[in-house]
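Trainee: Have a look at this one.
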Amino acid sequence: MTNVLVIGVGPHARRTHLPALAAGQDAGLVATVTGVDVPAAAQAPVTYGTKPGGSRILPITLVEPFDTTLRTLPHVVRHVLDAVVRRRGIDAVVVSTEPACHMAYTRWALERGLSVLLDKPLSVHAHCSSDPRKARAILNDYDEILACYRQAKERHPQLLVSVQCQRRYHPAFWRMRELITEVAEETNCPVTSIQSFHSDGQWRMPDELLDITYHGFNQGYGKCAHSGYHFFDIVPWLLAAGERAGKELDAVEMHAHVTRPTDVLAQLGVTDHERLFPGFAARNPYTPRELHTATARFGEVDAFTSMAYKSGGRTMTLGSLNLLHNGFSQRGNLTPAAASLYKGNGRIRHETHIIEQGPFQALHFHSLQTLGSARPNADPHTLGGEAHVEVHVFRNDRFRPTWTKHTTLGYQALTAIGHTDVAVPTQEASRRRAINEFLEYLNGRRTREQMLSDLTSHRRAVTLMAGAYLSMAHQRTGANPVTTLDFRAPLTPAPLPYLDWAEAVL
């Protein structure tokens, strides 16, 4: 069994990683779990388990905060972590810190031969939405950590870095990639356009733009670094299914438009909130001018990015990726139920993908919540219609009479049966599946070739994230906001698991 060190035990780790690691302990995959965090984040005991409330107490070692621009951990932090590794017999590390710290902690783990489950995004830099150098550094970081990974594998051949991007583990996306592959093999037609949309309904009051910094905008980045990496990752993962010889994507042209907190305050400002919430005026200590001045260098709230994916100078695929914090919400209270606004507080997830494959196929994916749930590990299918997930498949049956004109794949049809479990089409289940895959590899139950999200398969995702921020930064500085980046894939796409589908034959 594996001894796991969780670096960063904030709201995300407590909701996602710790319950999954507790399940790993129950399944005989994990021996011990140890936490690491800064003193301010670990003032109260942390309990964890497979159910809300937990049943185990997490031992936590404290490290002092450090400058996030450092490329390596300070000596004092490395000394503390090294002592924990020796004392607890650590085999693997979960990195779930503020993204700006990901690089330093991952490098430390690789130097010590420890496998890593790395939270997304791989890295980010303060003010990358306004400074082109900081935006370019996101892609440089990937090349640097990939080189460290390859060097570490020479000394420790079984070492693994897996990036936790749960949509690669979501059976609806598995199914869509299979459908794209089927049509590409029969017609030689790639994906010709893809429109992606995600909104999480995070309504922040004007004073909260300053006072709540967890997943905030004060570091000069926002939505694209918060949850945006999931979509920078899953879009090229789907596109790869349609690539064929002579039609490989080798470049991407990008142009991003964003709203920042100053724009949001113009849309719905202090006086508007005073009218909507009678208690807001008494709570808010900031004038409109103070808010505008304080948020002037803040990162993006919403980002609409257009892409042209090229092959040999020709546009092969047109794309758009629209990411919103400021969207439909079910928040109706002035005082938030939780201080971080990370989950709950009326946050609603609306996600769609519309994929066209020339004249042959169209796929429409919809995942639409109507009520937010603050309960961890909640299954939307059991919440009385609180969530909706389905894929509509349209095929040209006049061109190929054996195809079905229209098929709707709902929850049951998107439920996959794998070798070891039943894969249901929910985000929570997919997060747990990503962690469990990592644990199974560490225990010798999976091979490297079966891993769905190895670090080596993430260059395109990092390229899109860096490109979006580079476009934002150029626009902010008055330079040309259209940027073109190399999009060649160094390795074949991540594999799909062997699956049987519950129903629906196309």
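Just so it is clear, none of the values below were taken in a lab; they were calculated from the coordinates. It should be emphasised that the depicted structure is a prediction, and the values quoted were computed from it without experimental measurement. Note that each Cβ is placed from the backbone with ideal geometry, even for glycine, and that neighbours are counted across all protein chains shown.
Trainee: Which percent, to the nearest 5, of DSSP beta bridges fully inside segment 2-119 are antiparallel?
Mentor: Values: 3 of 20 bridges.
Approximately 15 percent, going by the DSSP bridge assignments.
Trainee: In segment 178-250, what chymotrypsin sites (Phe, Trp or Tyr not before Pro) fall in a loop by DSSP, with at most 15 other Cβ atoms inside 10 Å? Intermediate values should be presented prior to the final figure.
Mentor: Working: sites: 197, 203, 214, 217, 221, 229, 231, 232, 237; in loops: 203, 214, 217, 221.
Answer in residue order: 214.
Trainee: Cα to Cα, under 14 Å, and not fewer than 8 places away if on the same chain: which aspartates and glutamates meet these conditions relative to residue 153?
Mentor: Partners found: 111, 454.
Trainee: Peptides 248-259, 117-128: what's the order by average Cβ count within 10 Å, highest mean first? Write out the running numbers ahead of the final one.
Mentor: On the way: 248-259: 19.4, 117-128: 24.9.
So the peptides 248-259, 117-128, ranked by packing, come out 117-128, 248-259.
Trainee: Here is a further query. Name the residues whose placed amide hydrogens come within less than 5 Å of the amide hydrogen of residue 30, ignoring near sequence neighbours (fewer than 5 apart) on the same chain.
Mentor: HN-HN under 5 Å from residue 30: 2, 25.
Trainee: Here's something else I'd like to know. Over segment 150-305, what is the relative contact order in percent, taking alpha-carbon pairs closer than 8 angstrom and at least six residues apart? Kindly include the intermediate steps, with their values, before the conclusion.
Mentor: Details: 128 pairs, mean separation 51.3, N = 156.
RCO, segment 150-305: 33 percent.
Trainee: Under a crude label model (7 Å from the Cα following the beta-carbon direction), how far is residue 1 from residue 315 in nanometres?
Mentor: Rounded to a tenth, the inter-label distance reads 5.6 nm.
Trainee: Kindly provide the helix-only [θ] at 222 nm of the chain, computed as the sum of -39,500 (n - 2.57) over DSSP H runs of four or more divided by all residues, to the nearest 500 deg cm²/dmol? Before the final figure, lay out each step's value.
Mentor: Working: 14 runs with 154 residues, N = 506.
That comes out to -9000 deg cm²/dmol.
Trainee: Here's a follow-up. What residues from segment 444-472 fall in the zone where the backbone N is under 20 Å from a label point 7 Å along the Cα-to-C-beta line of residue 133?
Mentor: 466-472
Trainee: Set the Förster radius R0 to 22 Å, insert the Cβ-Cβ distance between residue 276 and residue 370 as r into 1/(1 + (r/R0)^6), and round the FRET efficiency to 0.05. Write out the running numbers ahead of the final one.
Mentor: On the way: r = 22 Å, r/R0 = 0.99.
The formula returns an efficiency of 0.50 here.
Trainee: Roughly what would the spin-label model give for residue 188 and residue 421, points 7 Å off Cα along C-beta, in nm?
Mentor: 4.1 nm
Trainee: Count charges around residue 195 for me, please; just the other residues with Cβ under 13 Å from its Cβ, Lys/Arg as +1, Asp/Glu as -1. Spell out each step's value before the answer.
Mentor: Details: positive: none; negative: 351, 356.
Its environment carries a net charge of -2.
Trainee: Scan segment 414-478 for trypsin sites (Lys or Arg not before Pro) in coil per DSSP, keeping those whose Cβ has at most 16 other Cβ atoms within 10 Å, and list them by number.
Mentor: On the way: sites: 431, 432, 433, 445, 446, 448, 459, 460, 476; in loops: 445, 446.
Sites meeting the loop and neighbour criteria: 445.
Trainee: A further question follows. Distance from a point 7 Å along Cα→Cβ of residue 334 to each backbone N in segment 260-284: keep the residues under 19 Å and list them by number.
Mentor: 268-284
Trainee: Another question, if that's okay. Per q in 0.11, 0.14 Å⁻¹, report the Debye log10 I(q)/I(0) for segment 2-119, using one uniform scatterer on each alpha carbon and no solvent.
Mentor: -0.32, -0.53
Trainee: Share of antiparallel DSSP beta bridges in the chain, in percent to the nearest 5? Don't skip to the answer; put the middle values down first.
Mentor: Details: 59 of 86 bridges.
Percent antiparallel among DSSP bridges in the chain is about 70.
Trainee: Given the Cα-Cα distance of residue 156 and residue 56 and 0.36 nm per residue of separation, how much length would full extension add, in nm?
Mentor: Working: separation 100, 0.36 × 100 = 36.00 nm, distance 3.20 nm.
Stretched fully, the residue 156-residue 56 segment lengthens by 32.8 nm.
Trainee: What is the sum of charges, Lys and Arg at +1 and Asp and Glu at -1, for the other residues whose Cβ falls under 15 Å from the Cβ of residue 60?
Mentor: Values: positive: 14, 56, 87, 88; negative: 37, 64.
The answer is +2.
Trainee: If segment 152-213 were replaced by its equivalent ellipsoid, with semi-axes equal to the square roots of 5 times the Cα gyration tensor eigenvalues, what would those be, largest first, whole Å? Intermediate values should be presented prior to the final figure.
Mentor: Details: eigenvalues 244, 148, 21 Å².
Equivalent-ellipsoid dimensions as semi-axes: 35, 27, 10 Å.
Trainee: For a 29 Å ceiling on Cα separation, which of these pairs sit above it: 343/405; 134/310; 120/310; 247/405; 134/247; 51/134? Could the numbers behind the result be given before it?
Mentor: On the way: 343/405 39 Å; 134/310 25 Å; 120/310 26 Å; 247/405 27 Å; 134/247 32 Å; 51/134 41 Å.
Correct reply: 343/405; 134/247; 51/134.
Trainee: Classify the chain as rounded, prolate or oblate from the Cα gyration tensor: take a ≥ b ≥ c as the square roots of its eigenvalues, call it rounded if a/c is under 1.5, otherwise prolate when a/b beats b/c and oblate if not.
Mentor: Numbers: a/c = 1.33, a/b = 1.10, b/c = 1.21.
Rounded, since a/c falls under 1.5.
Trainee: Expressed in whole Å with the largest first, what are the equivalent ellipsoid semi-axes of segment 76-190 derived from the C-alpha gyration tensor as the square root of 5 times each eigenvalue? Please list the in-between numbers first.
Mentor: On the way: eigenvalues 205, 86, 37 Å².
Semi-axes from the Cα gyration tensor: 32, 21, 14 Å.
Trainee: If you take the square roots of the eigenvalues of the alpha-carbon gyration tensor of segment 66-126 and sort them as a ≥ b ≥ c, do you get rounded (a/c under 1.5), prolate (a/b over b/c) or oblate?
Mentor: Values: a/c = 2.36, a/b = 1.40, b/c = 1.69.
Here segment 66-126 falls in the oblate category.
Trainee: Counting alpha carbon pairs within less than 8 Å and at least 6 residues apart, what relative contact order, in whole percent, applies to segment 1-50? Please list the in-between numbers first.
Mentor: Details: 55 pairs, mean separation 26.5, N = 50.
Reported as a whole number, the value is 53 percent.
Trainee: Using Cα centres only, tell me the gap between segment 388-451 and segment 131-205 in whole Å.
Mentor: Cα centroid to Cα centroid, the span is 17 Å.
Trainee: Let me check against my output: what whole-number percent is the relative contact order of segment 2-119, with C-alpha pairs under 8 Å and at least 6 apart? Please report the intermediate quantities before stating the final value.
Mentor: On the way: 194 pairs, mean separation 34.9, N = 118.
Relative CO of segment 2-119 lands at 30 percent.
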